[in-house]
Amino acid sequence: MSISIRSPRDFCAGLIFLFFGALAAYVARDYPMGSAVRMGPGYFPYLLGILLALLGVVICVKSLVIYGERIESASLRALLLVLGAVGVFAGTIESAGIVIATALLVGVGAAASPESRLREVAVLIVFLLALAVGLFTYGLGLPFKIFPV
Amino acid sequence: MELLANLQLGFDVALTLQNVLYCFLGVFLGTLIGVLPGIGPVATIAMLLPATFALPPVSALIMLAGIYYGAQYGGSTTAILVNLPGEASSVVTCLDGYAMAQQGRAGPALAVAALGSFFAGTVATLILVMFAPPLAEVAFKFGPAEYFSLMVLGLIAAIVLAHGSLINAIAMILLGLLLGLIGADTNTGQFRFTFGLPQLADGIGFVVVAMGLFGFSEIIANIERRARREVVMAKITSLFPTREDLKASWKAVLRGTAIGALLGILPGGGATLGSFAAYTLEKKVAKDPSRFGKGAIEGVAGPESANNAGAQTSFIPLLTLGIPANAVMALMVGAMTIHGITPGPQVMTERPELFWGMIASMWIGNLLLVVLNLPLIGIWVKLLSVPYRILYPAILLFSCIGVYSLNNSAIDVALALAFGFLGYLFIKLDCEPAPLLLGFVLGPMMEENLRRALLLSRGDPTVFVTRPLSLALLVVAAALLVIVVVPAVRRKREEAFQE
């Protein structure tokens, strides 16, 4: 009998948990452990990391034995553009100010949905710019730079 | 009559013009965002939290509580009108609520949901008033061992309630606990898991985690789903329930309130469990169970009352023990901390005006909900008819501004992005993110209490089973776990989540 992945979902989840658990335990090893009476900063995270890694292994093994569901197809466009929009906002808000950051976020973000229409997006950008500047910056007093200068 | 004096103090605080206004604003904004399909209370609170920073603590908490039940209620409106549950607790409302809406009876469904919720909210507030002080007394007897065991119980309960695989839920909690430890260790000042980034020294903000896991990832998933499913919206003709409707639903409201209030108090509980249990109960006691799913009004009245009662009583563990019972309460802990309040039994004695003011405001908030939702239903319907492709860029913008303004930090926005990616992976892999958030908030508290308990017992781990209160809590936790692992119950649980 050959080994095959019977539950792709669980297998991937198990790998993720194994990765984070092993990483945590590995990093925590460098912190002082202390003893049960006087726990060092490494004690609890090391314990948790080992447990998480073990659970990851168990979930992976389980996925080889028990049949489960396949992973639904992902829309790369939605994923990349939504997260990209957030990234662009994070990257421009401090240097370029709220106007450019908002316009870019809404523009890039709207492209994530195949249903978006150019004219609607343009109107939306104008509307949200007014809100971002009028309500958030002036109204609520958030310390945004408005323009790059 | 200490109780009356307390209530009076509460209403004195809550009824100031300023606080009524903030309560109204909270309920209004909460409903506004909560009505939008695909945004649950956690994402709503995370998004609106920064708006409360500038307020004095009492007003901020009053507004936040308002946002919470506003969002909760808004989710029910969406469930009834467009068959899209905003979050788990309104899933069952979809079944009969949407069926009623399709038969042109959306109005009565909404009215019964609102009135049932109001009644349940009133009763739950009274329960809070009566049970919080004695529970806080008990809490003062808690040592670190008891706190640790209580948190274990809470986490186990959260695992039991998460849908999907149990073992995945446990792993999600562990991951959350670990993420919570990021930053400087409180005892030694040692930086942990900061990977050399000074921005991580204070740990990751809970809003950052919540926004990524519940906000961004949901938006991506919704864009995907939207491409496949068109939403049909029901029309509202008349709001008034008929005499038969009222006759059929008042008992369901009573039963739902009782079940919801009871289950809400449990650690790990909250609105969701109550609404499922109430629906099951209504089906059991009905003379003709086959009507359910086809527009039985009891199927709306019971769960809606239950989830509102549960939403209210789940504040009890938070306010008396300082332990959040679910993801929403975990956010409230964060919000209180930002305002310099450590949740726990001392709040009631040290800040009575805050404690009782918040409780009194809950009742006012519930009243405002009825006022908002029945006459203003037209506005929410209009809002629901705005296509998602226009809504989500706006939601995205408000979320980013919200996260940024927490610390005026672009790094926070970038971190939220990373959690958005992680959350999306978890959606695809069918791992529920709520246990992770709970673990995230409890992580540092658990470590602290574990350390203290073992320090006091000189490293003897049996301290958790030799102290009676601690033992009792652990026994309940173990029992819960056993019950769920037993096959028969497990099947039931799966059925319940499938409905």
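The values are calculated or read from the model by the stated rules, or taken from the named source; none is laboratory data. Because the structure is predicted, anything quoted here is derived from the model rather than measured. Every residue, glycine among them, receives a Cβ derived from its backbone with ideal geometry; neighbour counts consider all protein chains shown.
Residues that are under 27 Å from the mean Cα position of the chain (by Cα) and modelled with pLDDT under 85 within segment A:116-136 comprise just one, A:Phe136. Being β-branched (Val, Ile, Thr) and more than 9 Å from chain B (Cβ to nearest Cβ) is true of A:Val126.
The criterion of being touching a residue at least 12 places away in the same chain (Cβ under 8 Å), among the β-branched types (Val, Ile, Thr) and assigned to a loop (DSSP other than H, G, I, E, B) holds for A:Ile146.
Screening segment B:30-148 for helices (runs of 4 or more DSSP H) wholly inside it with 3 or more residues that are closer than 29 Å to B:Thr16 by Cα and of a type in the set (Val, Ile, Thr) returns the ranges B:41-48, B:57-82, B:106-140.
Conditions (1) in contact with a Leu (Cβ under 7 Å, 6 or more places away or on another chain); (2) over 28 Å from B:Ser76 (Cβ atoms); (3) modelled with pLDDT of 90 or more, marked per residue:
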position: B:Leu367; (1), (2), (3): no, no, yes
position: B:Ala410; (1), (2), (3): no, yes, yes
position: B:Leu415; (1), (2), (3): no, yes, yes
position: B:Gly420; (1), (2), (3): yes, no, yes
position: B:Phe426; (1), (2), (3): no, no, yes
position: B:Leu436; (1), (2), (3): yes, no, yes
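Looking only at residues in segment A:59-117 that are of a type in the set (Asp, Glu) and free of Cβ contacts under 8 Å to residues at least 40 places away in the same chain, which one is nearest to the other protein chains (Cβ to nearest Cβ)?
By that ranking, first place goes to A:Glu115.
Any residue at all in segment B:71-89 that's under 30 Å from B:Ala472 (Cβ atoms), touching a residue at least 12 places away in the same chain (Cβ under 8 Å) and crowded, with 24+ Cβ neighbours inside 10 Å? The answer is yes, given that some residue of segment B:71-89 is under 30 Å from B:Ala472 (Cβ atoms), touching a residue at least 12 places away in the same chain (Cβ under 8 Å) and crowded, with 24+ Cβ neighbours inside 10 Å. Residue check, B:Ala111 against (1) out of contact with any Ser or Thr (no Cβ under 7 Å at 6 or more places or on another chain); (2) within 25 Å of B:Tyr404 (Cβ to Cβ), all met but one. Which one? It is condition (2) that B:Ala111 fails.
Taken over segment B:113-129, the criterion of being crowded, with 21+ Cβ neighbours inside 10 Å and among the hydroxyl-bearing types (Ser, Thr, Tyr) is satisfied by B:Ser117, B:Thr125. Scanning segment B:370-401 for residues that are over 18 Å from B:Leu48 (Cα atoms) and at pLDDT 85 or above, we see that the one that is nearest to the other protein chains (Cβ to nearest Cβ) is B:Arg389. Being modelled with pLDDT of 90 or more and in contact with a His (Cβ under 9 Å, 6 or more places away or on another chain) holds for only one residue in B:Ala88, B:Ala124, B:Ala120, B:Ala60, and it is B:Ala60.
Within segment B:91-117, restricting attention to residues that are aliphatic (A, V, I, L, M) and within 17 Å of the chain's Cα centre (by Cα), which residue is modelled with the lowest pLDDT? That would be B:Val91. Reported count of residues in segment B:239-281, each being touching a Leu at 6+ places or on another chain (Cβ under 8 Å) and surrounded by fewer than 19 Cβ atoms within 10 Å (Cβ to Cβ), is 1.
Only residues that are farther than 15 Å from A:Phe20 by Cβ and either touching a Gly at 6+ places or on another chain (Cβ under 7 Å) or polar (S, T, N, Q) (or both) were counted across segment B:416-436, and they come to 5. Evaluating B:Leu175 against the criteria (1) crowded, with 24+ Cβ neighbours inside 10 Å; (2) in a loop (DSSP other than H, G, I, E, B); (3) not basic (Lys, Arg) leaves one unmet condition, (2). For segment A:1-27, filtering for residues that are buried (at least 16 other Cβ atoms within 10 Å of the Cβ) and within 23 Å of the chain's Cα centre (by Cα) leaves 16. Restrict the check to segment B:182-191 and report whether at least one residue is in a helix (DSSP H, G or I) and within 12 Å of another protein chain (Cβ to nearest Cβ). No, segment B:182-191 contains no residue that is in a helix (DSSP H, G or I) and within 12 Å of another protein chain (Cβ to nearest Cβ). Scanning segment B:422-435 for residues that are away from every other protein chain (no Cβ under 11 Å) and part of a helix (DSSP H, G or I) yields B:Ala434, B:Pro435. With the structure loaded, tell me whether B:Val476 is more than 10 Å from chain A (Cβ to nearest Cβ), in contact (Cβ under 8 Å) with a residue 60 or more places away in the chain and surrounded by fewer than 21 Cβ atoms within 10 Å (Cβ to Cβ) or whether it fails that test. The answer is yes for B:Val476.
It is to be established whether one or more residues within segment B:449-458 are away from every other protein chain (no Cβ under 11 Å), buried (at least 22 other Cβ atoms within 10 Å of the Cβ) and in contact (Cβ under 8 Å) with a residue 40 or more places away in the chain. Checking segment B:449-458: not a single residue is away from every other protein chain (no Cβ under 11 Å), buried (at least 22 other Cβ atoms within 10 Å of the Cβ) and in contact (Cβ under 8 Å) with a residue 40 or more places away in the chain. Of all residues in segment B:402-421, those being facing chain A (nearest Cβ under 9 Å), within 25 Å of the chain's Cα centre (by Cα) and farther than 25 Å from B:Met172 by Cβ number 2. When B:Val82, B:Val92 are checked against the criterion of being in contact with a Phe, Trp or Tyr (Cβ under 6 Å, 6 or more places away or on another chain) and farther than 30 Å from B:Arg452 by Cα, B:Val92 stands alone in meeting it.
Counting only helices (runs of 4 or more DSSP H) that sit wholly inside segment A:29-137, those with at least 3 residues that are surrounded by 18 or more Cβ atoms within 10 Å (Cβ to Cβ) and β-branched (Val, Ile, Thr) are A:76-92, A:98-110.
I'd like to know if segment B:266-283 contains one or more residues that are aliphatic (A, V, I, L, M), closer than 20 Å to B:Ala136 by Cβ and either within 15 Å of the chain's Cα centre (by Cα) or modelled with pLDDT of 80 or more (or both).
yes
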